[in-house]
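Asks: Pasting in a structure now, in structure tokens, and then I'll have a few things to ask.
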Amino acid sequence: MTARRILICMHDFYRGGTERIALGLARDWAEAGRGVIILCGSFDGGLRDQVDPRVTVMRVDPPIARALFSRRRLARAMARRLPDINPDLIFLPGNFHALLANRLRAATDAPIVLKISNPPIPDRLPFARAVFRRLTQGVSGFAAMNRGLMRQIQAMLPGRPVVTLHDPVYVRPVPPAQKAKNHILWIGRLEPQKDPLLALDVLAEAKDMRLTMLGEGSLRKDVERRIQQLRLEDRVTLQGHVAAIEPFLAQADALMITSRYEGGPAVAVEALAANVPVVSTDCSFLLWDLITGPSAGTIVTTRNPKAFAAALTEALAQPAPSGERQALAAPFEPRACAAAYLDWFDRLHG
């Protein structure tokens, strides 16, 4: 049976990956002829103007801003709205919204889908599975961003419906450009999670390479100090925030990812679509789905700068058969991802 009325429950329009992906899926589901409604706690965050005009936006009253216990209050407020909205299916766009599920389940018979965007709970903790099982009793099905997350959820919640559904990656054409030899690109927030200092330590070991870093964050001064300490001023460019990464991908020979953890680094997909290999720390299950051969790059299972520099050197030397890297990015094409979600929604609704 077709799920014609899809409700997306999200706290606000925060400028995060989860919210951006949810708005992109909403647009593509509306394009496919489905009725899509966003129910939110507030209009805060900056992405409100990016909602497709075909998507209806509703807000709880009074508005609820993000705070320590705001999701509990938000769940109660949203549950009160469900009888009037009468959705065929409810989509929770990421782990952050998992706390809404049980309260919403008490107010509706509609299937509730939770997208798993990161490892949900440290599985090494003895009580992790029991906690996650209790928090998600109201969830009808789990959409994991990659096969690794799917296996993790299956192990934590045996017998519950789990599928792998990729996040869409909105890849724009990369303009042709003259590449400078051994030019490495790093993209991310200058924050501890992304570990930009490791990128600089790697470059200190890779004497014949130069590095461009895109992004800003709280570690900006630490990054500048490390550049001076390692005497990398002539080989590192701090570009800050940029409007588009495509011109930089066009000039790059490889993308370096040094994150400690990631849900699904879309920038890796964008790089492969631009025919740029990826050399990354072992920070995301998604990378094991993407980097499946030497021409795609490599996953470095140590944070040792010397080993990372050696992996970069090896990746730069790999030939890339025409279209091979782009083919790895193809499953993340937005309309294909949106259609896969709708097919699953219809199965759950039926």
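The values are calculated or read from the model by the stated rules, or taken from the named source; none is laboratory data. Because the structure is predicted, anything quoted here is derived from the model rather than measured. FYI the Cβ positions are ideal-geometry reconstructions off the backbone, even for glycines, and counts take in every protein chain you see.
Asks: With respect to the numbered conditions (1) crowded, with 21+ Cβ neighbours inside 10 Å; (2) in a loop (DSSP other than H, G, I, E, B), which one is the sole condition not fulfilled by residue 231?
Replies: Result: residue 231 fails condition (1) only.
Asks: Residues of the range 176-199 being closer than 17 Å to residue 313 by Cβ and more than 17 Å from the chain's Cα centre (by Cα), which ones? Quick ask: steps written out before the conclusion?
Replies: Looking only at the range 176-199, we keep the residues that are closer than 17 Å to residue 313 by Cβ, and these are 179-186, 198-199.
Of everything in the range 176-199, those that are closer than 17 Å to residue 313 by Cβ and more than 17 Å from the chain's Cα centre (by Cα) turn out to be 179, 180, 181, 182, 183, 184, 185, 198, 199.
Asks: Could you give me the residue pairs with C-beta distances under 9 Å whose first residue belongs to the range 108-122 and is under 13 Å from residue 261 (Cβ atoms), whose second residue is among the acidic types (Asp, Glu) and assigned to a loop (DSSP other than H, G, I, E, B) wherever it lies, and which are 6+ apart or on separate chains?
Replies: Matching pairs, first to second residue: 117/167; 118/262.
Asks: Follow-up question, since we're still on this one. Only one of 66, 105, 129 is within 23 Å of residue 261 (Cα to Cα) and surrounded by 15 or more Cβ atoms within 10 Å (Cβ to Cβ); which? Please lay out each step first, then the result.
Replies: Working: 66 fails: within 23 Å of residue 261 (Cα to Cα); 105 fails: within 23 Å of residue 261 (Cα to Cα).
Within the list 66, 105, 129, the selection yields 129.
Asks: Give the range 238-263 a look and list any residue that's crowded, with 16+ Cβ neighbours inside 10 Å and in contact with a Ser or Thr (Cβ under 7 Å, 6 or more places away or on another chain), or say none.
Replies: Step one: filter the range 238-263 for residues crowded, with 16+ Cβ neighbours inside 10 Å, giving 238, 245-246, 248-259, 262-263.
Hits for the range 238-263 are 248, 257, 258, 259, 262, 263.
Asks: Filter the range 315-346 for residues that are exposed (fewer than 14 other Cβ atoms within 10 Å of the Cβ) and of a type in the set (D, E, K, R); which is modelled with the lowest pLDDT?
Replies: The extreme case among them is 335.
Asks: Taking interchain pairs and intrachain pairs at least six residues apart, which have beta carbon atoms under 6 angstrom, with the first residue in the range 86-100 and closer than 13 Å to residue 116 by Cα and the second at pLDDT below 95?
Replies: 93/18; 94/18; 94/117; 95/117; 95/118; 95/120; 98/135
Asks: For the range 315-330, indicate whether the set of residues that are of a type in the set (D, E, K, R) and more than 30 Å from residue 152 (Cβ to Cβ) is non-empty. If you could, list the steps in order and put the result at the bottom.
Replies: Filtering the range 315-330 for residues of a type in the set (D, E, K, R) gives 324-325.
Filter once more, keeping what is more than 30 Å from residue 152 (Cβ to Cβ): none.
For the range 315-330, residues of a type in the set (D, E, K, R) and more than 30 Å from residue 152 (Cβ to Cβ): absent.
Asks: Across the range 240-283, what is the number of residues that are β-branched (Val, Ile, Thr) and assigned to a loop (DSSP other than H, G, I, E, B)? Let's see the steps before the verdict.
Replies: Of the residues in the range 240-283, the ones β-branched (Val, Ile, Thr) are 242, 245, 257-258, 267, 269, 276, 278-279, 281.
Then keep just the ones that are assigned to a loop (DSSP other than H, G, I, E, B); that gives 242, 245, 258, 276.
So the count comes out to 4.
Asks: Please find, among 35, 24, the residue that is surrounded by fewer than 17 Cβ atoms within 10 Å (Cβ to Cβ) and within 26 Å of residue 170 (Cα to Cα).
Replies: Values: 24 fails: surrounded by fewer than 17 Cβ atoms within 10 Å (Cβ to Cβ).
Just one listed residue meets the conditions, 35.
Asks: Still on this structure, please answer the following. Please go through (1) part of a helix (DSSP H, G or I); (2) surrounded by fewer than 16 Cβ atoms within 10 Å (Cβ to Cβ); (3) touching a helix residue (DSSP H, G or I) at 6+ places or on another chain (Cβ under 7 Å) for residue 54 and return the number of the only condition it doesn't satisfy.
Replies: (1)
Asks: Right, something else. Any residue that is within 18 Å of residue 11 (Cα to Cα), touching a Pro at 6+ places or on another chain (Cβ under 9 Å) and of a type outside the set (Phe, Trp, Tyr) - is there at least one of those in the range 68-87?
Replies: Within the range 68-87, one or more residues are within 18 Å of residue 11 (Cα to Cα), touching a Pro at 6+ places or on another chain (Cβ under 9 Å) and of a type outside the set (Phe, Trp, Tyr).
Asks: Of the residues that make up the range 159-169, is at least one at pLDDT 90 or above, farther than 27 Å from residue 274 by Cβ and hydroxyl-bearing (Ser, Thr, Tyr)?
Replies: First, pick out the residues of the range 159-169 that are at pLDDT 90 or above: 159-168.
From the residues that got through so far, the ones that are farther than 27 Å from residue 274 by Cβ too are 159-163.
Okay, now just the ones that are also hydroxyl-bearing (Ser, Thr, Tyr), so none.
There is no residue in the range 159-169 that is at pLDDT 90 or above, farther than 27 Å from residue 274 by Cβ and hydroxyl-bearing (Ser, Thr, Tyr).
Asks: While we're looking at this one, here's another question. Counting only residues that are at pLDDT below 90 and of a type in the set (Phe, Trp, Tyr), how many does the range 93-131 have?
Replies: So the answer is 1.
Asks: Part of a helix (DSSP H, G or I) and either hydrophobic (A, V, I, L, M, F, W, C) or on the phi < 0 side of the Ramachandran plot (or both), is that true of residue 286? Even if it seems obvious, please write down each step before you answer.
Replies: Working: part of a helix (DSSP H, G or I): yes; either hydrophobic (A, V, I, L, M, F, W, C) or on the phi < 0 side of the Ramachandran plot (or both): yes.
So residue 286 fits the description; yes.
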